[in-house]
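Worksheet: the structure to be examined is printed underneath.
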Amino acid sequence: WAFNIKPDLVVLAGDRAICLEAKLESGLASYPTSAADKKVFSERGLDRVGQLDLQRFLFTDVLKRDTTFALLSVKGDDHAGYRGLAWRPFVQRLDFDGMPKFFENWIHHLPDAGT
């Protein structure tokens, strides 16, 4: 699962980390995902574990990093201790100079938080 739960972007600065999970079309995952693993969890009476909870466990408990967590999504809502950031205002801060035209077109078609 450690390979699947990794955040989309991690910035390390000494013992500090910033983890950014970006969601545009897909939702947050939960584990296990395979039928065999789900069966084992059910037999043992274990609950599914959320992607963000596993990221937090990995960085704070395993890696012992002082970590700031952020979730980039359409609405920009906070979730499970992650600071929420909305896609549209986030990308509007980018410098588009020299960017391919398809990227600029993609940004103009991002959904608004209200949709």
If you keep only loop residues by DSSP, which trypsin sites (Lys or Arg not before Pro) in the stretch 35-115 have at most 10 other Cβ atoms within 10 Å of their Cβ?
-> Arg44, Lys64, Arg93
Taking the stretch 57-110, which chymotrypsin sites (Phe, Trp or Tyr not before Pro) meet the DSSP loop condition and have no more than 12 other C-beta atoms within 10 Å?
-> Phe96
In square angstrom, rounded to the nearest 10, how much accessible surface does Val74 have for a 1.4 Å probe?
-> 30 Å²
Quote the accessible area belonging to Asp78 in square angstrom, nearest 10, computed with a 1.4 Å probe and with ligands, DNA and RNA left uncounted.
-> 110 Å²
Tell me, what is the per residue accessible area of the chain in Å², probe radius 1.4 Å?
-> 68 Å²
With Cα extents along the principal axes in Å in mind, check (i) 53, 36, 24; (ii) 59, 29, 24; (iii) 40, 27, 25 and report the label derived from this structure.
-> (i)
Percent accessible area from carbon and sulfur atoms, the chain, protein chains only, probe 1.4 Å | 55 percent
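The values are calculated or read from the model by the stated rules, or taken from the named source; none is laboratory data. Not measured: the values here are computed from a predicted model. Please note: Cβ atoms are built from the backbone with ideal geometry, for glycine as well, and neighbour counts cover all protein chains shown. Accessible surface is based on the protein model in full, side chains and every heavy atom, while ligands, DNA and RNA are left aside. Shrake-Rupley method; radii C 1.70, N 1.55, O 1.52, S 1.80 Å.
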